[in-house]
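Okay, so here's the structure we're looking at.
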Amino acid sequence: MTSTDQKIEFSPENMQLVKRLMGEYPEGKHKSALLRILHIAQRQFGGWLSSDVMDYVAEVMNLKPIEVYEVATFYSMYFTKPTGKYVFDVCHTGPCAIEGAEKLCNHIEKRLGVKEGETTADGMFSWRGVECLGACGYAPMLQLGDSFREFLTPEKVDQLIEELKNKV
Amino acid sequence: MGRKLLIDKVNVPGIETYDVYRKEGGYRSVEKALKTMTPDEVVEEVKKSGLRGRGGAGFPTGMKWSFLAKPEGIPRYLVCNADESEPGTFKDRYLMEKIPHFLVEGMITSSYALGANTSYIYIRGEYMWVLHILEKAIAEAYANGFLGKNILGTGYNLDLHVTCGAGAYICGEETALLESLEGKRGNPRMKPPFPAVKGLWQSPTVVNNVETIAAVVPIVNDGGEEYAKIGIGKSTGTKLISACGNINKPGVYEIELGIPVEEFLYSDEYCGGIKNGKKLKACVPGGSSVPIIPHFLVCKTAKGEDRLMSYESLSDGGFATGSMLGSGGFIVYDEDQCVVRNTWNFARFYRHESCGQCSPCREGTGWMEKVLYKIETGHGQMEDIDLLWDIQRRIEGNTICPLGDAAAWPVAAAIRHFREEFEWHIKNPQLAQTKNYGLVAEKVFEMAQ
Ligand SMILES: Cc1cc2nc3c(=O)[nH]c(=O)nc-3n(C[C@H](O)[C@H](O)[C@H](O)COP(=O)(O)O)c2cc1C
Ligand code: SF4
Ligand code: FES
C-alpha cells in the first residue's frame, strides 16, 4: 500500500502522541521531536515516507518541508521509497560477520528470491544488510520492526518467514 | 567474584518496576543528594571517585562537570548518550533494558548536581522497545514524586524525556548527537565552543554515556572515596564490558577495573575461553575503533607484564603494541578469522557512517574500503598496503570529529601487526579465497625506547 491510497492524517492517538512529544521541548524548540515523529509517520503511512507524508509532517510541526526532507534522507531507518510489509535488517558488521552474518544474508537472498534492497513480488518482504545494531554478543541477528531476532540460523529465518506469511 | 555496583540486581524478579526497584534500595541516591547535599558536594564526590567517561574517551567525569558554564538566567542541560552504535558494544542496552530505573535515578542525581531542570536521554532508534521501557520507568518516577515539580519537597524541579535517533553511528559523537536532538541531520559541530559552553540550543550542556550516569548512583550512595577503592590507579570503579566473537560465553559483564585480561578472557566467570577449543588470534578490546592486538599482546604487554583490564594497561605501549579500553566492546577472534576481511568489514562500516562533511574522512573511508576489498578478493598489489597506510595517515587528525581517527586506527593497527597476512593475500590470491592465513607468527619485540 502506498500513502497515496489513503488520506494522510495522523490517527487521533498518534496526533495526541505527536502533540505530547512536541511539548517535551522548550517554546520554539519543538523541531527536536522530528525524528520520533517521522518514526510514527513511517509506521502509520505504509512503512515509508513519501514526499506527501513529509509535507504533512512539516505542516503539523510548522516546519519548512526541506527541514523534514534533509532529516528523512540522512538517517538509515527512514525509507523514502516503498518497502516490503516486513523488512529484515540483517546486521553484517564485524562481530556478526564472524558468526555467520554473510551466510545468513545469502540464505535470505535465496529464500526470498530478491536482492538486497528489493521487495518480493507479493509486497511482503524486503531485506538489507545494516551496520551494528548493538546485539553483537547474540549474533547473528536481524531487526524486524521494533524487535531484534537473535542467535539466528537459516532454519530460524525460514520459520520466521513462514510465521509472517501465515499472519493474515 | 568481583563487586558489582551497576547490574548486581538485574536478576531480581520485577526489578524493571518502580516498586521492586525501590524496595531493593533504589532512588536512595536521589534522597541523599537532594536532602543532604549541595549540588557542588555531589560534583565533589564524583571528582573524588575518579570516575571516567564510559562512552569511549575516558575523560574524568567530575572535571567535565566542573567545566559546565553557569551564566545567569540561561538553562543548563544534561543529555544522556544512549546511542550505543560502536561495533562490539551492547552494554548500555543491557543496563537500560534490564534495570531502567537505575539510569533514571542516575539522571535525577546527576541533573541535580549540574543544576539542570530539563534533561534528555537520546537513544538509538533501533532500540525502540528500550525507549518504551525507559518511558514507562520515567512515568513511574513522576508518579512517585522523583520527577516533576518540587521533588521530595526539596524545591528542586526536573523534567526528564527520552528521544531517539533513526540509524546513524555518527550521532554517538556528542555534537552530532546535539544536532540530532535539535531535530537535524547528525553533522558534528566544530569545536570550540564545547558543549559545556554552547551545547543543546546553544546552552551549556553535559553529554554523558549511560554507564557514566549510572555510576553516579553508587558514588553518591557510598561516597566517592569508597568507589575509588575499587580498581587500579586512575582506572577506578567497575566497568561494563560487552564481550563477543569467538568465545564460549558472549554477554555483558561488570568487572572491577584492573583484573587481568587473561582472567577475563579465560575464566568461567567471564568469557569462558575461546570457543571450540580454538586458539586465540587477536582481540579488539574496546569497540571497532580501537587498534586490534595480536594474541601475544592480549594477555601480556610488550614489556612482558600481565595486561590488565584498565585504561592504562590496555593502552600500554601506545598504538605500537597496545590498544584502548574504549567503550568496553571486547571482540575476540580465533585462529580461523581473517584479519584482512575483518579490516575491510570495519572500513565499510566507517565509510557508511561518515557524515561526509570533511573530505579526508568522506573520501578516505571510501578509498580504504575499496583497497581492502581489492586485497581481500585477490586483486591486490604490494603497493596497495603502502597506499592504505598513506590514506589512513592522511585522515587521522585532519577532520572535524574523531570518526576519522576511529576509521584510520583499525586499518593502521591491522597493517602494523598483520602485514604478513596482507602480503600473503596479495601473493596467494587464489588460496586466499578458500583458506585463511591462520595465526600471526610470534614476533620478537624490540622494546620501545
Ligand atoms: C564517532 C563517535 C561515536 C561515538 N559514539 C558514542 C556512543 O554511541 N555512546 C557514547 O556514550 N559515546 C559515544 N561517543 C563519545 C561521545 O562523543 C562522548 O565523548 C561521550 O558521550 C561522553 O560521555 P562520557 O564522558 O560519559 O563517556 C562517540 C564518539 C565518536 C567520535
Ligand atoms: S570526521 Fe567524518 S564523520 Fe566526523 S565530521 Fe568529518 S566527515 Fe563527518
Ligand atoms: S555487529 Fe551485529 S549487532 Fe553488533
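The values are calculated or read from the model by the stated rules, or taken from the named source; none is laboratory data. Predicted model only: the values in this text are computed from it and were never measured. Cβ sites come from the backbone with ideal geometry, for glycine too, and all protein chains shown count toward neighbours. Protein only, heavy atoms only, side chains kept; ligands, DNA and RNA dropped before computing areas. Shrake-Rupley method; radii C 1.70, N 1.55, O 1.52, S 1.80 Å.
Structure above, values below:
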{"item": "A:Glu67 assigned to a helix (DSSP H, G or I), buried (at least 17 other Cβ atoms within 10 Å of the Cβ) and within 9 Å of another protein chain (Cβ to nearest Cβ)", "result": "yes"}
{"item": "Those residues of the range A:71-86 which are open to solvent by less than 70 Å² (accessible area, probe 1.4 Å) and either farther than 15 Å from A:Phe45 by Cα or facing chain B (nearest Cβ under 8 Å) (or both), in sequence order", "result": "A:Val71, A:Phe74, A:Tyr75, A:Ser76, A:Met77, A:Tyr78"}
{"item": "Members of the range A:34-58 found to be in contact with a Phe, Trp or Tyr (Cβ under 7 Å, 6 or more places away or on another chain) and part of a loop (DSSP other than H, G, I, E, B), listed by number", "result": "A:Gly47, A:Trp48, A:Leu49"}
{"item": "Condition check for B:Val206: more than 14 Å from every other protein chain (Cβ to nearest Cβ) and of a type outside the set (Asp, Glu)", "result": "yes"}
{"item": "Flag if B:Thr163 is within 13 Å of chain A (Cβ to nearest Cβ) and farther than 25 Å from B:Ser288 by Cα", "result": "yes"}
{"item": "Residue match in the range A:158-167 (condition: touching a residue at least 40 places away in the same chain (Cβ under 8 Å) and open to solvent by 50 Å² or more (accessible area, probe 1.4 Å))", "result": "yes"}
{"item": "Criterion violated by B:Ala143 - all others in (1) open to solvent by 10 Å² or more (accessible area, probe 1.4 Å); (2) within 14 Å of another protein chain (Cβ to nearest Cβ) satisfied", "result": "(2)"}
{"item": "Every pair of residues 6+ apart whose Cβ atoms lie under 7 Å, when the first sits in the range B:54-78 and is part of a strand (DSSP E or B) and more than 16 Å from ligand 3 (Cβ to nearest atom) while the second is of a type in the set (A, V, I, L, M) and modelled with pLDDT of 95 or more", "result": "B:Tyr77/B:Ala116; B:Tyr77/B:Leu200; B:Leu78/B:Met107; B:Leu78/B:Leu114; B:Leu78/B:Ala116; B:Leu78/B:Val206"}
{"item": "Residue that is most open to solvent (accessible area, probe 1.4 Å), among those in the range A:90-135 that are basic (Lys, Arg) and outside any helix (DSSP H, G or I)", "result": "A:Lys115"}
{"item": "Any hit, the range B:362-376, residues being near ligand 2 (Cβ under 8 Å from one of its atoms), within 18 Å of B:Pro291 (Cβ to Cβ), under 26 Å from the mean Cα position of the chain (by Cα) and open to solvent by less than 30 Å² (accessible area, probe 1.4 Å)", "result": "yes"}
{"item": "Candidate set from the range B:325-342 (those that are assigned to a loop (DSSP other than H, G, I, E, B) and within 27 Å of B:Ile375 (Cα to Cα)); member that is farthest from the other protein chains (Cβ to nearest Cβ)", "result": "B:Glu335"}
{"item": "Matching residues, the range B:319-337, being open to solvent by 30 Å² or more (accessible area, probe 1.4 Å), more than 28 Å from A:Gly100 (Cβ to Cβ) and more than 19 Å from the chain's Cα centre (by Cα)", "result": "B:Ala320"}
{"item": "Within the range A:78-89, tally of residues that are in contact with a Phe, Trp or Tyr (Cβ under 6 Å, 6 or more places away or on another chain) and not in a loop (DSSP other than H, G, I, E, B)", "result": "2"}
{"item": "Pairs where the first residue, in the range A:139-153, is in contact (Cβ under 8 Å) with a residue 12 or more places away in the chain and the second is β-branched (Val, Ile, Thr) and not in a loop (DSSP other than H, G, I, E, B), C-beta under 6 Å, 6+ apart", "result": "A:Leu142/A:Val90"}
{"item": "Those helices (runs of 4 or more DSSP H) lying entirely in the range B:83-177 with at least 2 residues within 16 Å of ligand 3 (Cβ to nearest atom) and among the basic types (Lys, Arg)", "result": "B:91-98"}
{"item": "So B:Thr154, is it among the polar types (S, T, N, Q), more than 9 Å from chain A (Cβ to nearest Cβ) and closer than 30 Å to A:Leu144 by Cα", "result": "no"}
